[in-house]
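Trainee: Right, I'll just put the structure down here and ask away after.
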Amino acid sequence: MATDLHRAQALISGARRIVVLTGAGMSAESGIPTFRQAQAALWADFDPLQLASPEGFQADPPRVWSWYAWRREKVVGAQPHAGYFALAAAAARIEEMVLITQNVDGLHGRAGSRNVIELHGNILRTTCFANCGVRIDDPAALPPGIPPRCPRCDSYLRPDVVWFGEMLDPALLARAERAAADGEVMLVVGTSGLVYPAAGLPALAARSGAAIITVNPEATEIDSIARICLRATAAQALPELLGGRTAA
Ligand code: NAD
Ligand code: ZN
């Protein structure tokens, strides 16, 4: 009898349009903590709403800025793992592959993936809390201050990520939904399926006839609609599933 891995390999090699959805678990083996891991460590006293919402920022801008500065340092120091390179290499062999990520760490791009839909923004970018249009791409170019002030309107600067209670960029979400509806296979890696609207994409894909394959060492909400659940980590499973090189 074929193993789950072999069945998943066959589904992928038989598909022309593959859509991939990644979450925080994708980056765990690159040393970037998921919210749960971060809370087990340094930030146990705060709930994510205090750290990742406009209200939390307004209540204590230095605290939120410092938390993001800590995460930004982790991101800058992190390297994409083998699973990232396997995804980037697979794109060259697959007729159409769209990569949607909930992650804000930019590691897919650093591993060579192109056309990544970063649904929740990018932590290395900074924008103006008053939304005056200022955007700073290079963290090294940030003015001093915790948080720094906007060079145009003097409001606080904030990370260019989507916080709880904020809208996703409608154009990006629409692209992601189109890709989910068009895919023959959706590979869902390292996401718990709890944060909407991204968490709705696998159900949309399944309704449109896609086979869902999950990669996650733990059970999640998405398992009930998945064709195959690979209980493994991203760095283990993706190179096996997709082939490709195993080191940077
Ligand atoms: P989440 O809700 O996406 O859950 C993480 C999932 O990853 C869990 O189901 C866990 O079982 C799984 N996982 C853990 N280690 C894994 C591994 N090595 N391989 C595969 N799967 C693994 O994540 P969250 O931390 O609750 O995040 C909530 C929101 O914040 C999401 O939008 C998330 O993407 C974002 N976030 C992003 C980053 C990042 O950019 N790296 C980090 C933390 C949170
Ligand atoms: Zn401004």
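Trainee: Rounded to the nearest whole Å², what accessible area per residue is found for region 129-248 with the 1.4 Å probe?
Mentor: Per residue, region 129-248 has an accessible area of 50 Å².
Trainee: Determine the dipole magnitude for region 128-174: charges of +1 sit on the beta-carbon of Lys and Arg, -1 on that of Asp and Glu, nothing else is charged, the reference point is the Cα centre, and the result goes in debye to the nearest 20.
Mentor: In total the dipole reaches around 160 debye.
Trainee: Would you kindly derive the ³J(HN,Hα) couplings of region 164-169 from the backbone phi angles with the Karplus curve 6.51 cos²θ - 1.76 cosθ + 1.60 (θ = phi - 60°), listing them in order in whole Hz, with x for Gly and Pro?
Mentor: 3, x, 9, 6, 6, 4
Trainee: Right, next: Enumerate the residues in region 185-209 having an amide nitrogen under 17 Å from the point lying 7 Å beyond the Cα of D47 toward its Cβ.
Mentor: Answer for this model: 194-196.
Trainee: Which of rounded, prolate or oblate describes region 103-187 when judged by the alpha-carbon gyration tensor and an a/c cut-off of 1.5?
Mentor: Prolate, because a/c is 1.5 or more and a/b exceeds b/c.
Trainee: Additional query: Sorting W65, W70 by accessible area (1.4 Å probe), largest first, what list results?
Mentor: W70, W65
Trainee: Would you work out which of A176, V134, I222 lies farthest towards the positive end of the dipole of region 127-248, given +1 charges on the beta-carbon of Lys and Arg and -1 on that of Asp and Glu, about the Cα centre?
Mentor: Farthest along the dipole direction, towards plus: V134.
Trainee: Once you have all Cα-Cα distances for region 139-182, histogram them in 10 Å bins from zero and send the whole-percent values.
Mentor: So the P(r) values, bin by bin, are 22, 32, 26, 16, 4.
Trainee: Let me ask you something else. Classify region 1-111 from the C-alpha gyration tensor, please: rounded if a/c falls under 1.5, else prolate or oblate depending on whether a/b exceeds b/c.
Mentor: Prolate.
Trainee: So how strong a dipole does region 1-99 carry about its Cα centre when Lys and Arg Cβ are +1 and Asp and Glu Cβ are -1, to the nearest 20 debye?
Mentor: It works out to roughly 320 debye.
Trainee: On a 0 to 90° scale, report how tilted helix 170-182 is relative to the longest principal axis of the chain, with both axes built from alpha carbons and the result rounded to the nearest 10.
Mentor: On a 0 to 90 degree scale, this one is about 10.
Trainee: Further question on the same structure: What 222 nm value per residue comes from the helices of the chain, counting each DSSP H run with n ≥ 4 as -39,500 (n - 2.57) and dividing by all residues, nearest 500 deg cm²/dmol?
Mentor: It comes out at -10000 deg cm²/dmol, rounded to the nearest 500.
Trainee: Carbon and sulfur together cover what percent of the accessible area of region 80-237 at a 1.4 Å probe radius?
Mentor: 51
Trainee: Still on this model: What full-extension length gain, to one decimal in nm, is calculated for E55 and D182 as 0.36 nm per residue of separation minus the Cα-Cα distance?
Mentor: 42.0 nm is the gain from fully extending E55 to D182.
Trainee: Dipole of the chain, Cα-centred, from +1 at each Lys and Arg C-beta and -1 at each Asp and Glu C-beta, to the nearest 20 debye?
Mentor: Here the size comes out at about 460 debye.
Trainee: Follow-up question, since we're still on this one. Work out how far the C-alpha atoms of region 128-244 reach from end to end along every principal axis, then list the three figures in whole Å, largest first.
Mentor: Its Cα atoms span 52, 29, 25 Å along the three principal axes.
Trainee: Using only the Cα atoms, what convex hull volume per residue in Å³ does the chain have?
Mentor: Cα-based convex hull of the chain, divided per residue, equals 124 Å³.
Trainee: Using 0.36 nm times the number of residues separating C153 and S13, minus their current alpha carbon distance, what extension gain do you get?
Mentor: Contour length minus Cα-Cα distance gives 45.2 nm.
The values are calculated or read from the model by the stated rules, or taken from the named source; none is laboratory data. As the structure is a prediction and not an experimental result, all values here were calculated from the model. Here the Cβ is made from the backbone with ideal geometry for all residues, glycine too, and neighbour counts use every protein chain on show. Heads up: the accessible areas ignore ligands, DNA and RNA and are worked out on the full protein's heavy atoms, side chains in. Shrake-Rupley method; radii C 1.70, N 1.55, O 1.52, S 1.80 Å.
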